[in-house]
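To start, the structure under review is shown below, and the notes come after it.
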Amino acid sequence: DRFGIRFDVWSGTARCPHHLPLAQEFFRVLLARGLVFEQVEEQWFSEATGRFLPDRYLQGRCPSCSFEKARGDECPKCGSWIDARKLGDPISLVDGSRPILKATRHWYLDLPKILEQGLGEWYHAKQTAGDWKPNVDGYVREMLADLKPRPITRDLPWGVPLPEGVTSEPGKVLYVWFDAPIGYVSATAEWCARVHNDPERWRDWW
């Protein structure tokens, strides 16, 4: 009450009516600008359930520190980002089975290209202005020094599907690490629609 905060909109990515079209618009714009590309790669596949396994549905040995219960995307012991294909002795957390590597097509966000096209300049401006604490600056600098393309799609039965016309392959959805942050924007659009009767007003905020 002291800060004037109230729940104008209680929403979420799965129930916000603006989220699916907005997340797809973000994807289409990045694709049109050449910042997203297709690539066929091998991913862990559960033969027992007949499905590809998202990184968080895997557990195995960390390739950096050998911790036995690392996830498919990150090791909770040493903090390393993990290429799931390098996970040692992986098991499916869905059913405990041993998955196999199987080829599948995905779409990647070209982070090195985004760095070249302005993200690097933005970072250096922040660094020069001294806007960040030293530990924050060090973390960001380390991340940018090892920036690689990241997949932004997955083979899942739920989630935001790729925009129509992008692929004829079924089951391709936007990966949660790409889709969920857009939820802040889509929730703003929902708030603008409900409170101001203008869903496009989100652009004034973002």
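The values are calculated or read from the model by the stated rules, or taken from the named source; none is laboratory data. Remember, predicted model here, so these are calculated numbers, not experimental data. Cβ atoms come from the backbone with ideal geometry, glycine included; neighbour counts cover every protein chain shown. These area figures cover heavy atoms from the full protein model, side chains too; ligands, DNA and RNA do not enter into them. Shrake-Rupley method; radii C 1.70, N 1.55, O 1.52, S 1.80 Å.
What to note about this one:
- Scanning the range 136-184 for residues that are farther than 14 Å from F27 by Cα and among the aliphatic types (A, V, I, L, M) yields V136, V140, M143, L144, A145, L147, L156.
- Selection of the range 10-46 for residues being open to solvent by less than 30 Å² (accessible area, probe 1.4 Å) and either farther than 28 Å from A84 by Cβ or in contact with a Cys (Cβ under 7 Å, 6 or more places away or on another chain) (or both) yields C16, L22.
- A residue that is among the basic types (K, R) and either within 24 Å of F7 (Cα to Cα) or open to solvent by 40 Å² or more (accessible area, probe 1.4 Å) (or both) occurs nowhere in the range 164-181.
- Each residue in the range 69-107 was checked for being touching a residue at least 12 places away in the same chain (Cβ under 8 Å) and farther than 23 Å from Y139 by Cα, and 21 pass.
- Comparison of R2, R6, R33, R15 shows that the only residue that is more than 27 Å from R203 (Cα to Cα) and basic (K, R) is R2.
- Among the strands (runs of 3 or more DSSP E) confined to the range 47-127, the ones with at least 2 residues that are under 30 Å from V29 (Cα atoms) and open to solvent by less than 70 Å² (accessible area, probe 1.4 Å) are located at 100-109.
- Residues in the range 62-117 that are in contact with a strand residue (DSSP E or B) (Cβ under 8 Å, 6 or more places away or on another chain) and among the polar types (S, T, N, Q): S66, S80, S92, S97, T104.
- With respect to (1) part of a loop (DSSP other than H, G, I, E, B); (2) at pLDDT 95 or above, the lone exception for E169 is condition (2).
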